[in-house]
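Before any comments, here is the structure.
The values are calculated or read from the model by the stated rules, or taken from the named source; none is laboratory data. The shown structure was predicted, so the numbers you read here are calculated from the model rather than taken from an experiment. Note that each Cβ is placed from the backbone with ideal geometry, even for glycine, and that neighbours are counted across all protein chains shown. Protein only, heavy atoms only, side chains kept; ligands, DNA and RNA dropped before computing areas. Shrake-Rupley method; radii C 1.70, N 1.55, O 1.52, S 1.80 Å.
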Amino acid sequence: MIAGFLVDLRHAVRVYRKTPWQTALAVLMLASAMALVSTMAGLWSELNLDDNAGLVNDRGLVTIGQRGDMPMGVLSANGVRELKAASQTLMHISGGSLFGGLGDIELEGRTLEGVAEPVLPDYFETVQPRLALGRGLTEEDFSDDGAYVLVLSHQLWQAHFDGDMGIIGREVEMADQRWRIVGVADPEFNGLSSNRIAFWLPYRRFMADLQQGMPLQMVDDFPFFRIVARRASGTGLGAVEEELRNLVVDLPRPAMGQPLTADRLLVVNGIVDNPEAQRAAQRQTNLLLAAAVLIALVAAVNIGIFLLARAPTRRRELALRQAVGAGRRRLAGQLLVEAALLVVAATGLGLVLSIWLALAFRELDLFEQIELSGGWLDWPALGFSAGLAALLTALVALVPMALIRQRRLSEDARQISARPGRFQHAAGLVQLGLAGLVGAVALGFLAHLWLLGQRDLGLQPDRVTVATVSLESRPTGSAIVMPDAAAIEASRSAIRDRIGSLPGVEVVAFASPLPGQRMISTGNYEIEGEQINARMVNVSPGVVEALGLRLLHGRDFESENEPGMIVSRRFAETAWGQTDVVGRFVREGDAGRVIGVVDDVQFRHPDMPAEPIVLATQSGMAGFMASIIIRGRVDPDLVEARINEGLALIMDDLRVHRIRGLDELLGELTVIDRARARVTALFGVVIVLMAAFGFFAMQRFLVASGRREIAVHMALGAGPSSVRRRVVFGGLKLGLPGLVFGTLLGLIAVTWLTNDLVSTAVSPLHISAVTALGLLLVMLVSTLQPAWRAARLSPGALLKDP
Amino acid sequence: MNQKQPLIALRDLRRIYTTDQLETHALAGLDLDIARGEYLAIEGPSGCGKSTLLSVLGLLDEPSSGEYILAGVPTTEIDAEEQARLRNREIGFIFQSFNLIPEMSVRENVELPLIYRGGFDGKARRQAAEEALKRVGMDHRADHRPGQLSGGQQQRAAIARALVGQPSLLLADEPTGNLDSESGEQVMDLLGELHDGGTTLVMVTHNPDYAARAGRRLRMQDGRIEHDPGAGGA
């Protein structure tokens, strides 16, 4: 048996060496498909199966978040408590506050780095982290009259306490209090945050004792938690989400931000930073993995067909083998070894390619809000790839077996014509169908992207440069001493002078945040009994001209720190039912008086409705971190140097972080759409190329097998153009069902996508029409070379009796 | 057209097959005239160039050098499309292995040359095909597939296909090679009748009895004409 295998292997090597270019092409094609498969399998596994090594048990652990700018829940501690009392589908529910900054807090005289994770009751029961020493926080630790207790991170235990094994029970001094250490976390556990956690402590203690004594009443209504929960045994994610949708309606409104609503609620498995992005990434990865598997299957079938382009020779060889006594099983074994050799080579190359591809995918904006390991393949992904490789081996071997029918050698030699059989029809149908499906989806995403680019965002980004600023190298949680208004004004004046004097500069202004900058800055206003949650933007005079906002009524600010507000059309219409609202009051006093109304500006994804906006010189984000907006043509290097000189008047380490065009910044609004369109287009191109290659290989096979018939036609008077036409029309006829099928699949897919991922302005019918034309082009292009080849046949030699 | 002008005129015609290591002179400088209405048999051992000559005469193969004039047309000076039109108009082929297309009925096979010629509607094609089939005694088998016919019947259908366009030249390559003797005789009788009707016939054969039926017997050896009683005005 082994000897037979070795003979087959030697023969397979010889077969492939005869046609090195064809073999290389086949291996490369399958390798590309396998690289896509293993990359997507790795991502899928990480997004869906990844075990959290820091937990005792991660089964049933879910994160509760919401869609929108603030992905983590805006539930307050009171909200979590009520949810816990009402839920039937969750065993435990708890959370960790997003406000764990330690500032310049010292622990036994040493300044802490990282952040604390102030946690709600039931945290350790819900999350079930592994502990290196001691215990987690229990119910008693959360009572107001209980002891001051901490669970240290492994890193802090090592760094501050030299890994002291007797640390449990030891009391340490922090913020004028004695804190007892009750546990040390496992090195693999880092809480719910992606920041480096120093220690865990009860939320109320943190807010009341470490955050300058926030009143406890306020603490319980203060939102912004990462909410996690454990599903009750036998309860699915869908059931939890459904129950919570009903329950959130009655939860108490938090002190800040918009309340969590049923339509925005999201529940995802595991501990994740951004449930919405996680779910989108999972969904996208599912689709891409399915597409990659389909591509690999198509590639395998194509290779089988491609290798049969030299079928007449192979068929003769196999018929001869049969003639000298080889049974069907023996021949099947030989074909299997040949296929396995090809697939193993392609899988090996594919895995090497996937190292690069996996890194490239992890860098994609599609996953930018997802915590990915940056690794390559895990065991489940490798197992999946290996299983698929085995299936492909069988497929590559089966295609020749299906096509090379048993026939006598003499019969074979007399064969005149080759008509596509059931297999060719099915292969054409499937390949073109898939190409139509994936191609239409890619076109749908590209059309969606193009339409997004046509949207009016409410500003004019041409010739506008934006410089963002940042504080250099400050550890997370460091306290920032806010500069006074005079320093900011001096800095702005200096920057205006230095930049405004440059040739080509029309106006310089300041604003924070800008569209495309992911900053949360909202405020609640009550006007004539109407609650309005609006985006607050800190601006300077000149902002209307600098950003190209459309002023509907009133005027721009005329001086720094001028009281008053400019509101957006949506704000005015929501509050007063009209846009001419200059002189009205958003809140009492001069600071709340409306001095201007601008048209709506899109700060969120262009598909979302415009939100109410308030522009003011003294609201929203801290003014000293505002971006600098320059309208006019400028040299970025020169601008950076001059801005840095002005920023130095506020803080030594305040620097320009990045300079780019406003249009590039606005591109951030559609970053996911672009990434999705790019990835889908990549898959679309690959599968269309595969289909084209498969169709081409099939036409070559048919031309090679039907050379004698072509020669007969030539003998009867068919000229080269007639032969070419005959082959091309034959190809089109063969591909027609696939074209119809692919167009139909594309229509269904794009119609389905317009319900969710793609703008409803994208017309599935138009996309289908373009897909049909594209498929027709693919068929034509794939048939041209075989048609030309057929027309160049030498009929004299072919018509000689064998 | 000048009736005294030969239908076929070859001048120093050569066909050389070249591989990496070998140059084979399949036709090594032939000079040959074939008059209209002539019945020529080409004989010779295997590999002497008979079939290559027939392929070149039928415009199925390009000579490497030399001149080939068919019905007054210098074939080496016209492109492949024009050659195809000339082939369709002037030449009918009869092959040893019939070369009927198995997926088509006998009538459809016979209609093919008229399809490539153009200018015939479906009815005219059908009528012409039926007449050709009647001439070879195969009209009753017009709707059969080639696979349903005997070898002799297939060859007769192939002859009908060769005749349907009323070519001035019939080229037959071992037309009886795959037939039993009875069918062979019938086919040879049929070819004789066609020649008697004025068709120019060039036939390659190994069978001396059949060659003897031709008005002119040409013997080839190593790509050259070894014996041609017609040469020099014979």
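Of the trypsin sites (Lys or Arg not before Pro) in the stretch A:582-643, which ones lie in a loop per DSSP and count no more than 13 other C-beta atoms within 10 Å? Write out the running numbers ahead of the final one.
Numbers: sites: A:Arg584, A:Arg587, A:Arg593, A:Arg604, A:Arg631, A:Arg633, A:Arg642; in loops: A:Arg584, A:Arg587, A:Arg604, A:Arg633.
Those satisfying the criteria are A:Arg587, A:Arg633.
Taking a cut-off of 29 Å between Cα atoms, list the lysines near A:Lys800, but don't count ones fewer than 8 places away on the same chain.
Leaving aside lysines fewer than 8 places away in the same chain, those within reach of A:Lys800 are A:Lys18, B:Lys50, B:Lys134.
Where the centroid of each part is defined by its Cα atoms, how far is the stretch A:536-556 from the stretch B:148-176 in Å?
Going from one Cα centre to the other spans 91 Å.
How would the stretch A:669-770 be classified by its alpha-carbon gyration tensor: rounded, prolate or oblate, with rounded meaning a/c under 1.5 and the a/b versus b/c comparison settling the rest?
Prolate.
Count charges around A:Ser385 for me, please; just the other residues with Cβ under 15 Å from its Cβ, Lys/Arg as +1, Asp/Glu as -1.
Net of charged neighbours comes to -2.
Find the accessible area per residue for the protein assembly as shown; the probe is 1.4 Å, ligands and nucleic acids are left out, and the unit is Å².
43
At R0 = 22 Å, how high is the FRET efficiency between A:Gln155 and A:Gln177 if r is their beta carbon distance? Nearest 0.05 is fine.
Working: r = 22 Å, r/R0 = 1.01.
Working from the Cβ atoms, E equals 0.50.
Between A:Trp356 and A:His425, how high is the FRET efficiency from 1/(1 + (r/R0)^6) when r is the Cβ-Cβ distance and R₀ = 41 Å? Nearest 0.05.
It comes to 0.60.
How much net charge surrounds B:Asp61 when only other residues with a Cβ under 14 Å from its Cβ are counted (Lys, Arg +1; Asp, Glu -1)?
Values: positive: A:Arg792, A:Lys800, B:Arg14, B:Arg15, B:Lys50, B:Arg87; negative: B:Glu62, B:Asp173.
With Lys, Arg at +1 and Asp, Glu at -1, the net is +4.
Could you state the angle between the C-alpha long axis of helix B:80-90 and the longest principal axis of the C-alpha atoms of chain B, as a value from 0 to 90 degrees rounded to the nearest 10?
60
Provide the solvent-accessible area of A:Val337, counting protein heavy atoms only and rolling a 1.4 Å probe, rounded to the nearest 10 Å².
A:Val337 has an accessible surface of roughly 20 Å² with all protein chains in place.
Normalising by the residue count of chain A, find the relative contact order in percent from Cα pairs under 8 Å and 6+ residues apart. Could you put the intermediate results ahead of the total?
Values: 1515 pairs, mean separation 131.5, N = 802.
Rounded, it is 16 percent for chain A.
Over every pair of different alpha-carbon atoms in the stretch B:21-98, take the mean of 1/r and invert it; report that Kirkwood radius in Å.
Over the stretch B:21-98, the inverse of the mean reciprocal pair distance is 14.0 Å.
What helices does chain A have that are whole DSSP H segments, at least 18 Å long along their own axis by Cα, and with mean Kyte-Doolittle hydropathy of -0.5 or more?
For chain A, where a helix must reach 18 Å along its axis and average at least -0.5, the hits are A:2-18, A:20-48, A:275-307, A:328-362, A:379-403, A:422-454, A:485-500, A:671-705, A:720-753, A:764-791.
Let me confirm one metric for peptide B:109-117, namely the mean number of other chain beta-carbon atoms within 10 Å of its residues' beta-carbons.
Mean shielding by partner chains, rounded to a whole number: 3.
Pick out which of B:Pro102, B:Pro63, B:Pro113 has the largest mean-square fluctuation in a Gaussian network model of chain B, springs linking Cα atoms closer than 10 Å.
Evaluated over chain B, the most mobile residue of the options is B:Pro102.
Show me the GluC sites (Glu not before Pro) within the stretch A:531-581 that DSSP assigns to loop and that have at most 11 other Cβ atoms within 10 Å of their Cβ.
A:Glu558
Near A:Pro786, within a Cβ-to-Cβ distance under 10 Å, what is the net charge of the other residues, with Lys and Arg +1 and Asp and Glu -1? List each step's numbers first, then the result.
Numbers: positive: A:Arg700, A:Arg724, A:Arg789; negative: none.
Surrounding charge for A:Pro786 is +3.
What are the GluC sites (Glu not before Pro) within the stretch A:74-110 that DSSP puts in a loop, where the Cβ has at most 15 other Cβ atoms within 10 Å? Write out the running numbers ahead of the final one.
Numbers: sites: A:Glu82, A:Glu106, A:Glu108; in loops: A:Glu108.
Loop-located and lightly packed - A:Glu108.
What shape does the stretch A:74-134 take by its C-alpha gyration tensor, where a ≥ b ≥ c are the square roots of the eigenvalues and a/c under 1.5 counts as rounded, a/b above b/c as prolate, and the rest as oblate?
On the way: a/c = 3.93, a/b = 1.80, b/c = 2.19.
Cα axes put the stretch A:74-134 in the oblate bin.
Determine the calculated [θ] at 222 nm for chain A from helices alone, applying -39500 (n - 2.57) to every DSSP H run no shorter than 4 residues and normalising by the residue count; nearest 500 deg cm²/dmol.
The per-residue figure over chain A is -16000 deg cm²/dmol.
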